Amino acid sequence: MAEICTQGVDTGFVGLGYAKVAFLGVVQGITELLPISSTAHMRIVPAVLGWQDPGSAFSAAMQLAALAAVVSYFWADVRDITVGSIGALVRRDFGNPYLRLALWIVLATVPIGIAGLALSGLLNACNSPLRGIAVIGVACLVMAVLLALAEIRARHQRIIAEATTRDVVLIGLAQVGALIPGVSRSGSTLTAALALGFRRSEAARFSFLLGLPAIALAGLKELWELHKVHLDAHGWSVLIVGLVVASISAFFAIWGLMRVLERFSAWPFVIYRGVLGVVLLLSVAMGWLA
């Protein structure tokens with residue numbers, strides 16, 4: 001199916017219609033917060049089903065669904081950080097742990113914010129080379145290896161209260177990798193947090209909290225881009241359907257991820273990513289997927 005491009009912005013999701021976008025919303029919601037890359041699945045699933053590529057703008061805008069899910073699931077943390085940091089500023093209590101965590105969240109967002117703006121033309125372009133199936137396959141394999149190494153070497157002892165500015169900077173830098181389809185924002189930050197010795201559940205919680213601004217900024221930026229290209233009412237309604245479905249799916253995805261990490265390990269995701277990467281590269285080599 002031909003690519004749909006509106007003033008340089010890929011708006012392929014509009015041509016998919018409500019039912020297909022709702023289905024992709026389920027896929028997006030589940031994969032956005034699991035360390036398996038939602039962007040990769042938004043490229044792979046339509047390709048396998050013979051559907052139009054929904055486009056990078058759709059994938060990024062749909063991150064707002066993940067934002068709603070993360071805020072809902074970790075509402076107590078979000079509330080305490082917000083209220084606690086504001087109260088600390090009013091009292092001029094600059095040593096307050098909530099204020100420190102709020103500043104860390106901002107600091108962790110700086111690298112991906114700069115990189116995202118610098119690469120926005122390439123990331124959002126129609127037929128972007130970064131959305132190639134081979135690129136996604138390689139990214140899946142690389143992240144499978146890194147996550148496996150993190151699991152093998154991790155001490156799983158530290159908690160968020162023991163985090164340092166160095167930890168935040170390193171996790172923030174790891175988050176930049178999420179700009180490449182197949183890497184995964186939650187996957188890259190979770191891997192970094194595990195490698196730094198955090199407990200699995202604490203690593204996931206830290207990853208989600210530090211990623212809140214990045215998720216919000218990416219989603220809002222794409223909404224603005226779609227507004228600038230004058231997406232019509234039908235296009236907005238299709239997008240809204242995807243957002244609603246994805247937000248519900250994302251909430252259950254967080255619940256599932258936390259249960260897996262608390263009771264088992266990240267190895268199921270390592271295996272999944274490794275198998276997926278091999279299958280994708282073989283599919284490209286055999287000509288099954290373009």
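Each reported figure results from applying straightforward, stated rules to the coordinates on display, with no laboratory input. Since this is a predicted model, take the numbers as computed values, not measurements. Virtual Cβ from ideal backbone geometry, glycine too; neighbours counted across all protein chains shown.
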Distances longer than 33 Å among the Cα atoms of the range 5-286: what percent of all pairs is that? 19 percent
P(r) for the range 1-98: what percent of alpha-carbon pairs falls in each 10 Å bin, starting at zero? 15, 35, 21, 15, 12, 3
In Å, the Kirkwood hydrodynamic radius from C-alpha pairs for the range 109-222 sits at 14.6 Å
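Could you tell me which trypsin sites (Lys or Arg not before Pro) in the range 133-222 are loop residues by DSSP with no more than 13 other beta carbons within 10 angstrom of their beta carbon?
Working: sites: Arg153, Arg155, Arg158, Arg166, Arg185, Arg199, Arg200, Arg205, Lys221; in loops: Arg155, Arg199.
Filter output for the range 133-222: Arg155.
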Positive end of the dipole of the chain, charges at C-beta (+1 Lys, Arg; -1 Asp, Glu), about the Cα centre: which of Ala47, Ala154, Ala139 has its Cα farthest in that direction? Ala154
Using just the C-alpha positions of the range 201-290 as equal point scatterers, what log10 of I(q)/I(0) does the Debye formula give at each q in 0.25, 0.26 1/Å? -1.12, -1.16
To the nearest 20 debye, what charge dipole does the chain have about its Cα centre, counting +1 at the Cβ of each Lys and Arg and -1 at the Cβ of each Asp and Glu? 680 debye
DSSP H helices in the chain with Cα extent of 27 Å or more along the helix axis and mean Kyte-Doolittle hydropathy at least 0.5? 97-118, 133-153, 233-263, 267-286
Cα-based Rg of the range 77-117 per 2.2 N^0.38 Å, rounded to two decimals? 1.31
